[in-house]
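Structure first, then comments.
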Amino acid sequence: MNFYVRKLGHQELSYTEGKGGKQRGRYILFSKKFRDFFPPFDLDVDDRSRLIGVIDDTSRKVTYCYFNWHKGKKFNQSKHLGSDLRFYLNKDSFPSHDHFRPGDYAVFFRYQIKSNEEIDNYYKIFRFSPLNSEYNELEKLTSKEHRVIKNRRTYHGTFEELNFINTSDIELENFVFSKKAKIKYKNPETICNTQNEFKEYVRIAYNFKCCVLGDKIDLTVDNENNEKSYMNVQAAHLWPDSWFGPLRPSNGILLSLDLHWAFDIGQFTIDNDYKILVHETLKDKPIGKYHGKKIFIPEDEIYQPDQRYLEVHRKFVFGRLKPLGVDKPIGLSQYLRDNFKITLDK
C-alpha cells in the first residue's frame, strides 16, 4: 500500500497541561493494525523510537523526525495504558500550530528508494481540510468505516492508489535533522540504539553525499514509470564495530560502495586535517589519485569525525590491505585499554 489515511481526532492535536504546567506536544496517532506501513522498531531496545524522513511542502527538503512507540505504563515510558504509535508534529516540519485541525485528513504518501540491498522509506504528508476538493473524495472513500470517538469521527486506513492526490516529480535535495533529533548526540555518552540508526544519522549528516567524491545522489522518484533511484553510499565506521567502536555519528563517514570497501581494508585513511592518506604501495594505482584530497565534513561539530576514532583507524586498520578478521592487530588491546578503558574479548 502507498497511502495511509488518517482522519484526525481532537485529543491528539490538542495541548494539555502536564506536570509543572508544561504543554504536551501535538501528534498523529497511528493504528497498530497498519504498523507495517512505517519502518519497524527494534524490539530489543528500551527506547523504541526511530527517525523517519518527512518531505516538506516544496517536495525538496526532508526533515528527519521521531516516530515513537509508547509501550505503556508497565514499561515506565508513558502514562498511556497500552501501546500506541505516534508521529509528533514538531516545529521543524510543521511550524504552524494550526497546520492540522480536528476533522482534517492527514494522508501519508510512502515511496521507497533502493539503497544498496535495502529499501528506504520516505513520507510526504498531505493535509486536506473541508475546504479542499480532495476532502470530499476522501469522505466518499472512508465514511462507511468512520469511528465515533467523543462525538467526532475518526478513520485509519491504507490505499494502493489515490489518483486525486498529486505525488509526481518529487526531488529531494536537502536532508536535515529535527531539533530533537539533532540534540540527542550533544551528550558525549549517547550512542545509537542500532546499526540502522547509526547508518541513518551518518547519511543525513553528510546529506547523502560521499565525503570523498562529493557526489549528490539523484533521488527523483518517477511514479508513472515506477522508477526508483539507487543510492550508492554507505556509512563506514572509523573505529570498527567489531572492535567495540561506538555507534556514534562521529565514528562514521559516508562513502561510495567501492571507497567504503577500500577504507575498511586499509587502502587509505584520513589524517587530523581530514586529508586522505593512500597507502604507499597503492599510490600508483587508481586510488592513488585521492592522496592528499580533503574530504568534506558536516558543519555541525557533533557529526564531524572524532579525532580519537580516526587515530584508531590510522594505527590499526590503515595498511592491513585485507578484510578485518578474528585476528586482532598487535597492540590494539593495550591501546584500547589505555585510551578508552575497553577490554577486547580474547
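Bear in mind these aren't lab numbers, they're just calculated from the coordinates by the rules spelled out. These numbers come from a predicted model, not from an experiment.
Taking every alpha-carbon pair within the range 230-346, the share separated by more than 17 Å comes to 55 percent.
Radius of gyration (Cα atoms) of the range 282-346, expressed as a multiple of 2.2 N^0.38 Å: 1.40. Close amide-amide hydrogen proximity is noted between T158 and V5, each under 5 Å apart and 5 or more residues distant or on a separate chain (H modeled in the peptide plane; Pro and chain starts excluded).
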